[in-house]
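The values are calculated or read from the model by the stated rules, or taken from the named source; none is laboratory data. These numbers come from a predicted model, not from an experiment. In this analysis, Cβ positions are derived from the backbone assuming ideal geometry, glycine residues included, and neighbour counts consider all displayed protein chains. What goes into the accessible areas is simple: the full protein's heavy atoms, side chains included, and nothing from ligands, DNA or RNA. Shrake-Rupley method; radii C 1.70, N 1.55, O 1.52, S 1.80 Å.
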Amino acid sequence: MATAPHAVLDLLARYEPKSTAERADVERVRALVASGDPWRRSTPLHVTGSALIVHQDSGRVLLRWHQRHGTWLLVGGHADPEESDPLAIALREGREETGLTDLAPWPDAEVRHLVIVPVPANTREEAHEHADIRFVLATRTPEAVRPENPQAPLRWLTPREARRVITEENVRETLSRVEPLLAG
């Protein structure tokens, strides 16, 4: 897999962390990139790309049920072989998980949130962490949404409704950063 560390470092160079904790996470990702392949799933910490999908005309956001975690999350995930751009990963995962073919970065292609999240062990892998680089993607066709499987339903919600169903603080933080974009 081509690591193309410059893609991640370029994104991080333009990104301004919003808290001390986020600044520490950004520094951990920079160190990860400098140490080798930041995408390798076999390492205890690896980079993932995610996004909050929005429909700006209605002001709604799309959440995906994640059965393994038992909670509503963003779309996104791991790099496929030869992928090294977090935004491209978020776009691919978003299309796969929602069936939306018109997804595009909105209002721009900049990082909206970076957070390192713990992932518990299961029967296939040990506990590890995702260095999740998060974007905002928009669709013009919210009615075209289709879950990738019956165990991963999707819900369009207002930000207020989303805040009530989200149990992960880091996802609430992403929502709080996107909400002003929808309002303005």
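Across the range 140-150, coupling constants 3J(HN,Hα) worked out from phi with the 6.51/-1.76/1.60 Karplus curve, θ = phi - 60°, read 9, 10, x, 5, 7, 4, 9, x, 6, 7, x Hz, and Gly and Pro carry x. Each stretch of four or more DSSP H residues adds -39500 (n - 2.57); spread over every residue of the chain, this sum gives -10500 deg cm²/dmol at 222 nm. The stretch between Glu16 and Glu161 holds 49.4 nm of extra length on full extension. This uses 0.36 nm per residue minus the Cα-Cα distance. Take the Cα of Thr43, step 7 Å toward its Cβ, do the same at Glu82, and the gap between the two points is 2.2 nm.
Counting 0.36 nm for each residue step from Ala24 to Ser176 and taking away their Cα separation leaves a gain of 52.7 nm. Close amide H pairs (under 5 Å, H built 1.01 Å from N) link Arg60 with His55, residues at least 5 positions away or on another chain.
Computed from the Cα positions only, the extents of the range 1-81 along the three principal axes stand at 41, 28, 23 Å, in decreasing order.
Packing order of peptides 56-68, 90-102, highest average first: 90-102, 56-68 (average count of other Cβ atoms within 10 Å over each peptide's residues).
Translational diffusion coefficient of the range 81-184 (Stokes-Einstein, Kirkwood radius from Cα pairs, 20 °C, 1.002 mPa s): 140 µm²/s. The share of accessible area on the chain that comes from carbon and sulfur is 51 percent, using a 1.4 angstrom probe. Taken over the chain, the alpha-carbon convex hull comes to 115 cubic angstrom per residue. Per-residue Karplus couplings for the range 165-171, computed as 6.51 cos²θ - 1.76 cosθ + 1.60 with θ equal to phi - 60°, are listed in order as 9, 6, 9, 8, 4, 5, 6 Hz, Gly and Pro entered as x.
Annotation: amide H-H contacts under 5 Å for Glu129 (H modelled 1.01 Å from N, sequence separation of 5 or more, or interchain): Leu45, His46, Val119. Peptides 148-159, 115-126, 69-80, 130-141 ranked from most to least packed, by the mean per-residue count of other Cβ atoms within 10 Å: 130-141, 69-80, 148-159, 115-126.
Using +1 at the C-beta of Lys and Arg and -1 at the C-beta of Asp and Glu, which of Ile133, Trp156, Leu73 has the Cα lying farthest in the positive direction of the dipole of the chain? Of Ile133, Trp156, Leu73, it is Trp156.
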